[in-house]
Amino acid sequence: MQSRRKFIRGAAFSWSALSIPMLSFAKKAAVTKPIVVSTWDSGLAVNAEAWKVLGKSGKAIDAVEVAANSIENTINCCVGLGGNPDRDGKVTLDACIMDEKANCGSVAFLEKIKNPISVARKVMEKTPHVMLVGEGAQQFALENGFTKESGALSADAEKTYKEWLKKSEYKPVMNIEQQQIKAKKGHGPFAPNYFEDGSFNHDTMGTIALDNSGDLSGACTTSGMGFKMRGRVGDSPIIGAGLFVDNEIGAATSSGQGEEVIRVCGTHLVVEMMRAGKTPKEACKIAVERIIKINPEKARDFQVGFIAINKNGEYGAYSIQPGFSYSVTKADDGGKVYMAESHFAKK
Ligand code: ASP
């Protein structure tokens, strides 16, 4: 009679022998890679920079950094030192970056340094920390070869700030940025901040990418909400709020009213929803609905938009208000701008 041990060994052998051909029949989802997705229509030019790296089989982490740098370097743009200042007339920058190994770096309340995303990357690579803020972040940047800029406002920001000062109320006003932008119309060379149809743009560039090796990374850079209180930090430099990457699942980033994104750990929530089997768009919608549920009335007056990609290179977005655009660049189409679906309809 066959011994029990021999029987088990035999059974295991025949199972594995059977399972090899079975596995090869299993249907694999097609993967779109490389692919890069950025917030807003201004993301199209940013994606083109990322593509210079991704298109040559470069790494997603390098692609998202150069993408963020390209908009940070643009004078009179809504991101970087050209962005709107705080209530005291000073531009303060927030940024974070995250790679496929969950390495991450972040800077917040950083002044007079042109490329906060690259400082964030240095924090990630050269320190045992994740986040540096204010004076300490600036000191670290200077020690690592970054130059101290003058701190002068861009022509656009100067004009907008002067306008804001006329009625400036020195208290946080939820929707002040949109109000100012509506009054002004048009902002920077990339895209108007305020569109004729009533939608509005924000000051954050979030970029997420999947490279040829199937690795995900993301970067998020901003001058934050215009005319914020001095010292205010939004969602953009906070891992899990403004940006989150999980190389097994996907990546997400956000733009809009940072306080509301922080409240729900927005991009972490989006990635967790993708882990639970939702598509990128469904996952973004769940995060948006979570924000609205907290205060449905207040949510009528602010904007938050999420974008996400998953490990297969599928992408999606969702926002509270209409007008949240996002840019997608992959090999076969050279880049396209889409309008995200939103919870509320056009007013
Ligand atoms: N999320 C940014 C912040 O709250 C602002 C924006 O996207 O416009 O600082």
_Residues within the stretch 234-249 that are more than 9 Å from the ligand (Cβ to nearest atom) and among the charged types (D, E, K, R), tallied_ = 2
*Which of the residues that make up the stretch 223-233 are more than 10 Å from the ligand (Cβ to nearest atom) and touching a strand residue (DSSP E or B) at 6+ places or on another chain (Cβ under 8 Å)?*
G231
*Would you mind stating whether A67 is in contact (Cβ under 8 Å) with a residue 12 or more places away in the chain, in contact with a helix residue (DSSP H, G or I) (Cβ under 6 Å, 6 or more places away or on another chain) and surrounded by 22 or more Cβ atoms within 10 Å (Cβ to Cβ)?*
yes
*Which condition number does A331 fail, the rest of (1) of a type in the set (A, V, I, L, M, F, W, C); (2) open to solvent by less than 10 Å² (accessible area, probe 1.4 Å); (3) at pLDDT below 95 being met?*
(2)
_the stretch 224-257: number of residues that are out of contact with any His (no Cβ under 9 Å at 6 or more places or on another chain), on the phi < 0 side of the Ramachandran plot, modelled with pLDDT under 95 and not charged (D, E, K, R)_ = 2
*Could you tell me which numbered condition G313 fails, if it satisfies all but one of (1) open to solvent by less than 60 Å² (accessible area, probe 1.4 Å); (2) at negative phi?*
(2)
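The values are calculated or read from the model by the stated rules, or taken from the named source; none is laboratory data. Everything numeric in this text was worked out from a predicted model, so none of it was measured. A quick note on method: Cβ atoms are made from the backbone with ideal geometry, for glycine too, and the neighbour counts reach across all protein chains shown. The protein model used for the area step is the full one, side chains on, heavy atoms only, and it has no ligands, DNA or RNA in it. Shrake-Rupley method; radii C 1.70, N 1.55, O 1.52, S 1.80 Å.
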